[in-house]
Amino acid sequence: MKRAPIMNSYSSTTISIPYCEDCKFCCHGIPTGVCGYHTLVEIGQGTLPPKICQKFVVYRIHKKFINEAASRWWHCPDSNLLTKMTLVKEDFYEILAIAKTRGRCPLLGQDGCLFPDAKPFNCEIFPFYIEEKDFHIASWCKFIDKLDVRTFESPVKTIIEEYEHYSIKNASRYYELLKNLQKKWQWTVHTFRPF
Ligand code: SF4
Ligand code: SF4
């Protein structure tokens, strides 16, 4: 996922991988990209063009499956970031996402990510993630062998902490804004299944 100068509102910390500039491998064939409040704000402000806005989807997740969802979508299943992003209503969480695709990510342009302020949280810290309180690197990063992985652990953990605080602070706003934007964009709704 190509990195560009980032002015997102949830983190003052960034990581930079020099190989991303020419690689962009992980912006193709993407898994489901969970979108935080920052993405909703960018959509609500009209930053993204309609043809991109139409490509988002909404996931409904029953609370009994929320840990499986956090694990599948790399959202820190230990602390479960999904439960902090929005409110649970009538036993379901509803979360905005970029649908997984075998092709290129809809936000990918010629020179990399077109809307770095709107990209999913996972893109921000990719290829790193935390699971069972341990720091990991995704094995399919093309330049995994060239990275001094340990130098990234501290900044990635800081970004996660900042994102968690930002998410908790905006959870009720997330719920309301998703409801409002859903009326406008009529996003397809998927129900998460753990199998
Ligand atoms: S595969 Fe690795 S090097 Fe390539 S863009 Fe993604 S994070 Fe960067
Ligand atoms: S949102 Fe941006 S960084 Fe993330 S996969 Fe798409 S193009 Fe790459």
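Hey, does segment 164-172 have a residue that's surrounded by 18 or more Cβ atoms within 10 Å (Cβ to Cβ), within 16 Å of ligand 2 (Cβ to nearest atom) and not acidic (D, E)? For segment 164-172, residues surrounded by 18 or more Cβ atoms within 10 Å (Cβ to Cβ), within 16 Å of ligand 2 (Cβ to nearest atom) and not acidic (D, E): absent.
Of the residues making up segment 91-107, those that are surrounded by 13 or more Cβ atoms within 10 Å (Cβ to Cβ) and within 19 Å of H62 (Cβ to Cβ) are F92, Y93, E94, I95, L96, A97.
For every residue, the table says whether it meets (1) at pLDDT 90 or above; (2) more than 12 Å from ligand 1 (Cβ to nearest atom); (3) small (G, A, S).
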residue	(1), (2), (3)
T13	no, yes, no
D22	no, no, no
I30	yes, no, no
C35	yes, yes, no
T39	yes, yes, no
E42	yes, yes, no
Q45	yes, yes, no
Q54	yes, yes, no
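Any residue that is within 16 Å of ligand 2 (Cβ to nearest atom), in a helix (DSSP H, G or I) and either surrounded by fewer than 19 Cβ atoms within 10 Å (Cβ to Cβ) or at pLDDT 95 or above (or both) - is there at least one of those in segment 71-90? No; the residues of segment 71-90 include none that is within 16 Å of ligand 2 (Cβ to nearest atom), in a helix (DSSP H, G or I) and either surrounded by fewer than 19 Cβ atoms within 10 Å (Cβ to Cβ) or at pLDDT 95 or above (or both). Under the condition of being touching a residue at least 24 places away in the same chain (Cβ under 8 Å) and either in a strand (DSSP E or B) or of a type in the set (G, A, S) (or both), the residues counted in segment 5-58 number 12. Determine if segment 142-161 includes at least one residue that is buried (at least 20 other Cβ atoms within 10 Å of the Cβ), within 11 Å of ligand 1 (Cβ to nearest atom) and either more than 27 Å from K64 (Cα to Cα) or among the basic types (K, R) (or both). Among the residues of segment 142-161, not one is buried (at least 20 other Cβ atoms within 10 Å of the Cβ), within 11 Å of ligand 1 (Cβ to nearest atom) and either more than 27 Å from K64 (Cα to Cα) or among the basic types (K, R) (or both), which makes the answer no. Considering segment 125-163, and only residues there that are aliphatic (A, V, I, L, M) and farther than 22 Å from C35 by Cα, the residue that is farthest from ligand 2 (Cβ to nearest atom) turns out to be V149. Residue by residue through segment 125-141, note down the ones that are out of contact with any strand residue (DSSP E or B) (no Cβ under 8 Å at 6 or more places or on another chain) and either modelled with pLDDT of 95 or more or surrounded by 13 or more Cβ atoms within 10 Å (Cβ to Cβ) (or both). I125, F126, E131, C141, listed by residue number. For segment 60-70, a residue qualifies if it is buried (at least 21 other Cβ atoms within 10 Å of the Cβ) and part of a strand (DSSP E or B), and exactly one does: I61.
The values are calculated or read from the model by the stated rules, or taken from the named source; none is laboratory data. Predicted model, so just to flag it, every value in this text is computed and none were measured. A quick note on method: Cβ atoms are made from the backbone with ideal geometry, for glycine too, and the neighbour counts reach across all protein chains shown.
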